[in-house]
Each structure stands twice: as structure tokens, then as C-alpha cells.
Amino acid sequence: MMVVALPLVLAAAATPSSRGDRYTSLGFHAVRMGHGCNWILSSLTEGLRGWETCIFVFKALIPAAYDLLDILIRRYTTPLNDSDSETAYPFMELKREVPSEEFDKAIRRAFNDVDHTIIDDARDLAFSSPSKALNAFPLASAMSGCTAMLAFYDDGTRILKIANIGDNRAVLGRRAVKEDGTYYLEVEVLTSEHTSTNPSERTRLDDTFSAEEASIIQNHIGRDVTRAFGLAMCKWSQEVQERIHKEYMGDPPLRGLSSAPNSDSETRSQPYIVAEPEITTVQVGPDDVLIMANKGLWNSLTSEEAVGLIGIWLIQGNYRLNTPITEPTEENFVTREMLPVDLPDGSEDTTTWYKRWNLPKKFICVDSNAGAHLVRNALGGAHREFTEGLLMVPYPFCANNRDELAVTVMFFE
């Protein structure tokens, strides 16, 4: 694997955790493949009920996806010389384009393989070893959980794939020009949020889980998600849960579930929580921008506001700054109406934090990093003293005032 410079600019930012049971992480790998194209893989994960699963997925997901995609691409390439194919890999050429569905299949397998490693290896290690101390971390990694998003980009085809489980969101901003020559960004939401209010998830779950069972699982997780890594107590059978609880200091079994998930019996149902990703495929243009962020950002900013804020950041040329602007002037302050994006007419703003803070939405453009720019505006924006005070509230009280935020911004240029 060779790291290379790419015609793509990435900015990322995250805030310190506002809760003891959460953890966010961002990953980015860029590699040049033997058939001449560059591949970019970027991940965003957020912990649930702890940080252990998040750390494991952060380390394992991109390598797992890369290995399976590498195996896939080898099936569609041929050596350019007579040397052994293993050593000749840097001198390969594509026999034909790899079908999109083959890429999707490999990415889905990577997600499921990582989850099976988390869930099954922890159980098997515990049952094969008498040491409770040695089993503590693997079991913690299995019983905590995390949501995750993986972006895969091939700069040869300009194809972008977003694989997602949980309530993160990816939004694409596409450069466009109005009839009067005005520049703006069109907004395309690339993901759906895997919660019990999502109609497609309701369809998946309604035939198997009652409202009472869904409530039991949601109370255990402490969040309404229907797809995630880990959360083994929602995936192990009752028998495994009982033994883990009695012999290995695990959580008490989840009572009241009529169907035990993850059993060897073919008659058992699919678990409520799964790690099967939904994958969206789009072709990007040279002026497009991708925003990947956890729920914390979207609790403060709408998709249109986030994309519009990146548009303002580009218009004002903040990418040329070496450091943030410490003494902003009027030209650095931004209202919603100034954002170069079409805001939906008459639609209700469903974001929550600005309403809870009792602040009008007024933004600011002072950061040199696009990710930090979004985070700042998700935490009060132009209300600078409020933002400073918000970030100074110590744990655990800060959880009542803000979310932790993780943001990755990709510019395709």
C-alpha cells in the first residue's frame, strides 16, 4: 500500500466528548492502485454505550474494506509482463471495468466481517479462556457499539460510494449557476438515518419486533438506532447473554424479547440491530464537496445550512488563511439568507440546539479549516462568547448543553 498525493482536499474536525459513553473518530487512507487509479477511503465512527467498539472499528474497517477491494480488483486486471503476478501487481491493467454491484458486495462484506469479528471473537475467546481479566476488553468491545460511515472514491471513474450504518449523514454539494449568473450549491443528501422512524427500517422490523421489544432495545442502547457495530446484547442469544452475565461480569440479559437473535437455528429472526450498510453511489464533478458528519452536527445545522456554509467559506477564500481570524469584522458574519444555497421554502427547521440555547441562527466565517468552520457554526456561530462558554462547560454537565461533533469535508478538485 502506497500513500499518495491526490487531487482531493480533505478537512476534518471533532470536539471533545461531551459524554462519558461516547467517542468519535475519523479515518482517511489514500492509496495508488496497481491499475493506475487512486482510491480514497474515509471513515467516520461514533461510539454507543462506550468507546471500545468505536476504537476497534476505527482501526479495522478501512483495512478490511481495502483488502476485499484489492482482491476484487485483481480479478479484473492482467499483468503487463511475464513475471509472477504477485510481484507484477504494480504493472497491471484493467481487463474491463469492475461492476458497481461487485464493489458494493465487497464493502458490505467488510462491514459484516468486522462486526462478526467483534461479536463472535469476544464470545469464543471468553468461552475458551478462564481468565476474566484477559476477556474484559474484547467483551467490552462487543457489548458497546458504534455507528459508522465509509466513503470510497475512485478518482479514475470519479465514482463515490457512501456506506452507512446508524444516524450519521453524508451530504453532497454540487456547484451550479442560476440564470442571473449567481453561483450556488445544490444539495443532495446521500444517506438515510437508521432509526425506528425510518419507513424502510420499520418495514424491516415490524414483522419481527413488537413496539415493546423495540423499546427494550432502545432503552438498553440509550439511543434510537437500528444499525450499528457491536451491541452484542442485542445480537447474542439469551443463552450466551446469561453465561456472559454470570461468568464474565457482562450486562444482565435483555428480558422480554420473544425471538432470540443470532441463533444457529435457521428459524430465528434477524437481530434488531444489524451491521449491514446501505450504499449510495454517485458520480462527482470537479467542484463538488462532500460533508460527512455525525448526528451532533445535524442537531444544529440543516443539510442546506451545512452546504451553504461551505459555499461561504469558499467564496470568502478562507482556504487561503494560515490561521483563524481572531478579530472578525462585519464581512465575516453570515445570515441564513446569505448562504449560496436554496433554502426550502416554508419548511420547518427540525434542528434542536439553537432552539434550546434560545439563539437566532447567525453564522461566522473565520476558520481556515472547513471542518472547524462547520463545528464552530454548529456550536453558536456568530455568538462567539456563547461558543467559548459552551466549550468550557466541564464533563459531565456539558452533555446537557451540546453534542460531540465529528465532521469530514472532501473537496473534489
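Along its first, second and third principal axes, ordered by size, the chain spans 66, 66, 40 Å in Cα coordinates.
Modelled spin labels at Thr197 and Asp251, positioned 7 Å past Cα toward Cβ, are 2.3 nm from each other.
Give the shape of segment 299-413 as rounded, prolate or oblate, defined through the alpha-carbon gyration tensor: a ≥ b ≥ c are the square roots of its eigenvalues, a/c under 1.5 means rounded, and otherwise the shape is prolate if a/b is larger than b/c and oblate if not. Kindly include the intermediate steps, with their values, before the conclusion.
Details: a/c = 1.57, a/b = 1.18, b/c = 1.33.
Here segment 299-413 falls in the oblate category.
In a reduced charge model with +1 at each Lys and Arg Cβ and -1 at each Asp and Glu Cβ, the chain shows a dipole moment near 760 debye about its Cα centre.
So, in Å, what gap is there between the alpha-carbon centers of segment 128-167 and segment 277-350? Segment 128-167 and segment 277-350 have Cα centres spaced 28 Å from each other.
For a quick check of your reading of the filter: which GluC sites (Glu not before Pro) in segment 296-351 sit in a DSSP loop and have no more than 10 other Cβ atoms within 10 Å?
Values: sites: Glu304, Glu305, Glu330, Glu331, Glu337, Glu348; in loops: Glu348.
Those that pass, being in a loop and sparsely packed, are Glu348.
If you place +1 on the Cβ of every Lys and Arg, -1 on the Cβ of every Asp and Glu, and leave all else neutral, what size is the dipole of segment 244-375 about its Cα centre, to the nearest 20 Debye?
Values: 10 positive and 19 negative charges, 114 e Å.
Roughly 540 debye, rounded to the nearest 20.
Looking at the chain, the accessible area is 45 square angstrom per residue; that uses a 1.4 Å probe and ignores ligands, DNA and RNA. The calculated pair-distance distribution of segment 109-228 uses every alpha carbon pair, bins of 5 angstrom beginning at 0, and gives 2, 9, 13, 14, 15, 14, 11, 9, 6, 4, 2, 1, 1, 0, 0 percent. Out of the total accessible area of the chain (probe 1.4 Å, heavy atoms of protein only), what percent is carbon and sulfur? Percent of accessible area from carbon and sulfur atoms in the chain: 51.
Are there trypsin sites (Lys or Arg not before Pro) in segment 114-204 that DSSP puts in a loop and that have at most 10 other Cβ atoms within 10 Å, and which ones? Mind dumping the intermediate values first?
Numbers: sites: Arg123, Lys132, Arg158, Lys161, Arg169, Arg174, Arg175, Lys178, Arg202, Arg204; in loops: Arg158, Lys178.
Answer in residue order: Lys178.
Would you mind checking segment 390-413 for residues with the amide N under 13 Å from a putative spin-label position 7 Å along Cα→C-beta of Ser368? Zone members listed by number: none at all. How high is the relative contact order of the chain, in percent, counting Cα pairs under 8 Å that sit 6 or more residues apart? It comes to 21 percent, rounded to a whole number. Positive end of the dipole of the chain (Cβ unit charges, origin at the Cα centre): among Asn322, Val98, Val177, the Cα lying farthest that way belongs to Asn322. Annotation: peptides 209-218, 286-295, ranked by per-residue average of other Cβ atoms within 10 Å with the highest first, follow the order 286-295, 209-218.
Helix-derived [θ] at 222 nm for the chain: sum -39500 (n - 2.57) over DSSP H runs of at least 4, divide by residue count, nearest 500? Display every interim value, and only then the final one.
Working: 11 runs with 134 residues, N = 413.
The helix contribution divided over the chain gives -10000 deg cm²/dmol.
Sequence-ordered 3J(HN,Hα) estimates for segment 57-71 from the Karplus curve with 6.51, -1.76 and 1.60 and θ = phi - 60° stand at 5, 4, 7, 9, 5, 4, x, 5, 5, 4, 4, 6, 5, 5, 4 Hz, glycine and proline given as x.
The values are calculated or read from the model by the stated rules, or taken from the named source; none is laboratory data. Remember, predicted model here, so these are calculated numbers, not experimental data. We place every Cβ from the backbone using ideal geometry, glycine too, and count neighbours over all the protein chains shown. Ligands, DNA and RNA are stripped out before the accessible areas are found, and what is left, the full protein with its side chains, is counted by its heavy atoms. Shrake-Rupley method; radii C 1.70, N 1.55, O 1.52, S 1.80 Å.
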